[in-house]
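These notes are about the structure you will find just below.
The values are calculated or read from the model by the stated rules, or taken from the named source; none is laboratory data. These figures come from a predicted structure and were not determined experimentally. Here the Cβ positions follow ideal geometry from the backbone for every residue, glycine too, while neighbour counts run over all protein chains shown.
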Amino acid sequence: MASTDRDLIPAPEPSALSFVVEGIKDRLLAVQDYTLLCCRALACAFTPPIYVPDTLEQSDIIGVGSLPIVLLTGFFIGMVMVVQTAAQFVRFGETSLTGDVVSLALVRELGPAITGLLVAGRNASGMASELGSMVVTEQVDAMRAMGTDPMRKLVAPRVTATVLMMPLLVAMFDLVGLIGGFLISYFTLRIGAVEFWTRAFNALQLSDVAQGMAKPFFFGFVVATVGCYQGLTVRGGTQGVGRATTQAVVVASVLILVSDFFLTKVALFLAGGKAF
Amino acid sequence: MLGASIRNQPPPTPPLPGDRRPPEPVVTAEPVISFEDVHLEFDEGEILRGINLQVMPRETKVLVGETRTGKTLILKLAAGLLKPSAGHVRVLGSDLGSMSELELLAFRREIGFVFQEGALFDSQTVGDNVAYRLMEEGVDPDETEARVREVLRFVELEDTIDKLPSELSGGMRRRVSIARALASRPPIMLYDSPTAGLDPVTSQTIITLILRLRDTQGVTSMLATHRLQDAFGLANYRFDGPRNRVVPADATHGGQPATEFLVLRDGLIYFQGQPEQLRNSRDDYLKSFLVEARE
């Protein structure tokens, strides 16, 4: 009888506190899994066997594939910067400073951040959906069953390719942005080519270029690892793949913007001894 | 009745070079695969609650049971794709639970796994899919090509070598999956519902392939299925290598092939024994299970 009575008593409903605790535990576990994936991806990227053809293929997809949107966006960002700043500089009669502003803003901040966001939108989503589809169709399990480490075959090539391609994409973004800025300066503010480019180059110090070229390595790592993590942890079939794709873009974009702030602080501290 | 579809078999398939090699006599009594009080637990609860089984050399162990009883999980445990929460899974004498993922990756090359939906790499051609493991092992390209054609000929799909998996039917994809698992000639084959969702004729082709592998190559295997006709087909028929066709497994050819059934229920082995014992069982659950499975 006692056991029958116990069976009839409904299980207690989970309290709000248990929901919160479970939620925190899930997040912490996700952070732990992501950290492990990052460590293993790094280890696989530097130890044999290295899948060079896969890395080259991913470099083509990520680097060459992202080039059109990076160039187009960079060109218009450069132009819009001049349009926005020119209105202010005209008030003070300092339109010659346009080259300085465009160059500093693009190289130090806008180039890495916007390129990072563009690559996250295009490639983190692509990685999440591709790997997620492989997970739900058991292709990743099949790979493991045939003696291949998915971390080496799938994750490491994507991480290496993204980390190597990002600085090149940022350099192209900066260059095209400056060209866009120059064209608008030339046709609307009547600033000569020599004046614009001289000021643009002189405004930059080595630390600015170093900062602008160091960030993309980190952003590339974030984009690839977040995309791969979201893809490899897909649950729930095709609906789960869709969720992972969205999550990959959101998480990668937020991580890029948050880490950009801290990287900038560190870079300024290293360059001048002060973060402000 | 259960073997009726096997009797109406299609024309015999071309032989593998290995078919000419007679099966070697069994020289060891050590099990190839053994589960010792294996438990498996996920967030939603314990799925396997103490599995004990042994698969002897050249034996075929057929796992049957209702859906979500853990048939696929047992195969994945045997392949080292999952680790038990408790207990030991030993394959070829190695305790898979104590091996690192790196050791398991190398070890899994001894095992061929046929996944339920084929799990072919959809961005690669059939030829590349079948050649995958050989290329990973660094086999010479000419030898790889020859082996790929050989196993594709075995599953009668040599003409699909340059096609993508999306261009194949469900049954063809399943056969390519078997060819892929066979390419490196593993001593153990694990089949996860290889005939699920296929029409009877295609299912019969797949079962014939499995019979050939068992009876001409001496492969030890585990097969999870919910189709009892396939399970009894494996038990009641054998592949006659010299005649290159499926024949009833009668006493004149060495008796019944070593095939044993396992019925899973609620995370435990409910029945383990010969097909005839299952068929003649008076247990109510087994009787109702047999009736439902036939329907």
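Could you grab me the full set of residues in segment B:38-80 that are within 14 Å of another protein chain (Cβ to nearest Cβ) and on the phi < 0 side of the Ramachandran plot?
Passing the criteria: B:Phe42, B:Asp43, B:Glu44, B:Thr72, B:Leu73, B:Leu75, B:Lys76, B:Leu77, B:Ala78, B:Ala79.
Among the residues of segment B:162-192, which ones are closer than 23 Å to B:Val91 by Cβ and either aromatic (Phe, Trp, Tyr) or out of contact with any Ser or Thr (no Cβ under 8 Å at 6 or more places or on another chain) (or both)? Across segment B:162-192, the qualifying residues are B:Ser177, B:Ile178, B:Ala179, B:Arg180, B:Ala181, B:Leu182, B:Ala183, B:Ser184, B:Arg185, B:Pro186, B:Tyr191.
Before we move on, is B:Pro141 touching an Asp or Glu at 6+ places or on another chain (Cβ under 9 Å), of a type outside the set (Phe, Trp, Tyr) and at pLDDT 90 or above?
Details: touching an Asp or Glu at 6+ places or on another chain (Cβ under 9 Å): no; of a type outside the set (Phe, Trp, Tyr): yes; at pLDDT 90 or above: yes.
Answer is no for this residue.
Taking the residues in segment B:99-111 that are within 8 Å of chain A (Cβ to nearest Cβ) and in contact (Cβ under 8 Å) with a residue 60 or more places away in the chain as candidates, determine which candidate is farthest from the chain's Cα centre (by Cα). Taking the candidates together, the pick is B:Arg109.
On the given criteria, is B:Phe232 among the aromatic types (Phe, Trp, Tyr) and part of a helix (DSSP H, G or I)?
Here the answer is yes, as B:Phe232 does meet what is asked.
Here B:Tyr191 clears all of (1) at pLDDT 90 or above; (2) facing chain A (nearest Cβ under 10 Å); (3) surrounded by 20 or more Cβ atoms within 10 Å (Cβ to Cβ); (4) outside any helix (DSSP H, G or I) except the condition numbered (2). Looking across segment B:112-124, the residues that are buried (at least 24 other Cβ atoms within 10 Å of the Cβ) and either more than 7 Å from chain A (Cβ to nearest Cβ) or assigned to a helix (DSSP H, G or I) (or both) come down to B:Gly112, B:Val114, B:Gly118, B:Leu120. Of the strands (runs of 3 or more DSSP E) that lie entirely inside segment B:1-72, those containing 1 or more residues that are modelled with pLDDT of 85 or more and aromatic (Phe, Trp, Tyr) span B:33-42.
B:Met172 fulfils the conditions (1) within 28 Å of B:Val55 (Cβ to Cβ); (2) without any contact (Cβ under 8 Å) to a residue 24 or more places away in the chain; (3) of a type in the set (A, V, I, L, M, F, W, C) except for a single criterion, (1).
Counting only helices (runs of 4 or more DSSP H) that sit wholly inside segment A:90-155, those with at least 1 residues that are modelled with pLDDT of 95 or more and within 19 Å of A:Ser66 (Cα to Cα) are A:111-119, A:125-136.
Selection of segment B:125-137 for residues being more than 7 Å from every other protein chain (Cβ to nearest Cβ) and either crowded, with 24+ Cβ neighbours inside 10 Å or in contact (Cβ under 8 Å) with a residue 40 or more places away in the chain (or both) yields B:Val126, B:Asn129, B:Val130, B:Ala131, B:Leu134, B:Glu137.
Against the definition (more than 10 Å from chain B (Cβ to nearest Cβ), touching a Phe, Trp or Tyr at 6+ places or on another chain (Cβ under 7 Å), of a type outside the set (S, T, N, Q) and crowded, with 24+ Cβ neighbours inside 10 Å), how does A:Gly99 come out, yes or no? Taking the combined requirement at face value, the residue satisfies it. Among residues that are out of contact with any Lys or Arg (no Cβ under 6 Å at 6 or more places or on another chain) and of a type in the set (Val, Ile, Thr), B:Val130 is not included. Across segment A:219-255, the number of residues qualifying as part of a helix (DSSP H, G or I) and within 19 Å of A:Leu36 (Cβ to Cβ) comes to 18.
Listed by first and then second residue, the pairs with beta-carbon distance under 6 Å, at least 6 apart or on different chains, first residue in segment A:70-96 and within 24 Å of A:Leu169 (Cβ to Cβ), second of a type in the set (S, T, N, Q), are A:Val70/A:Thr115; A:Val82/A:Thr98; A:Val82/A:Ser185.
Taken over segment A:195-218, the residue count meeting the criterion of being polar (S, T, N, Q) and not in a helix (DSSP H, G or I) is 1. So, of the residues in segment A:111-137 that are surrounded by fewer than 22 Cβ atoms within 10 Å (Cβ to Cβ) and closer than 26 Å to B:Ala79 by Cα, which turns out to be nearest to the other protein chains (Cβ to nearest Cβ)? Here the answer is A:Thr137.
One residue is enough: does segment B:81-95 have a residue meeting the conditions at the interface with another protein chain (Cβ under 9 Å from one of its Cβ atoms) and in a loop (DSSP other than H, G, I, E, B)?
Here is the first cut: in segment B:81-95, the residues at the interface with another protein chain (Cβ under 9 Å from one of its Cβ atoms) are B:81.
If we keep only those that are in a loop (DSSP other than H, G, I, E, B) as well, we get B:81.
Yes: one or more hits.
Among the residues of segment A:145-177, the ones that are within 14 Å of chain B (Cβ to nearest Cβ), hydrophobic (A, V, I, L, M, F, W, C) and crowded, with 21+ Cβ neighbours inside 10 Å come to 4 in all. When B:Phe121 is tested against (1) more than 21 Å from A:Leu131 (Cβ to Cβ); (2) in contact with a Phe, Trp or Tyr (Cβ under 8 Å, 6 or more places away or on another chain), exactly one condition is not met: (1).
Restricting attention to segment A:183-205, does a residue exist that is β-branched (Val, Ile, Thr), farther than 23 Å from A:Val107 by Cβ and out of contact with any strand residue (DSSP E or B) (no Cβ under 8 Å at 6 or more places or on another chain)? No, segment A:183-205 contains no residue that is β-branched (Val, Ile, Thr), farther than 23 Å from A:Val107 by Cβ and out of contact with any strand residue (DSSP E or B) (no Cβ under 8 Å at 6 or more places or on another chain).
Selection of segment A:198-255 for residues being modelled with pLDDT of 95 or more and aromatic (Phe, Trp, Tyr) yields A:Phe217, A:Phe218, A:Phe219, A:Phe221, A:Tyr229.
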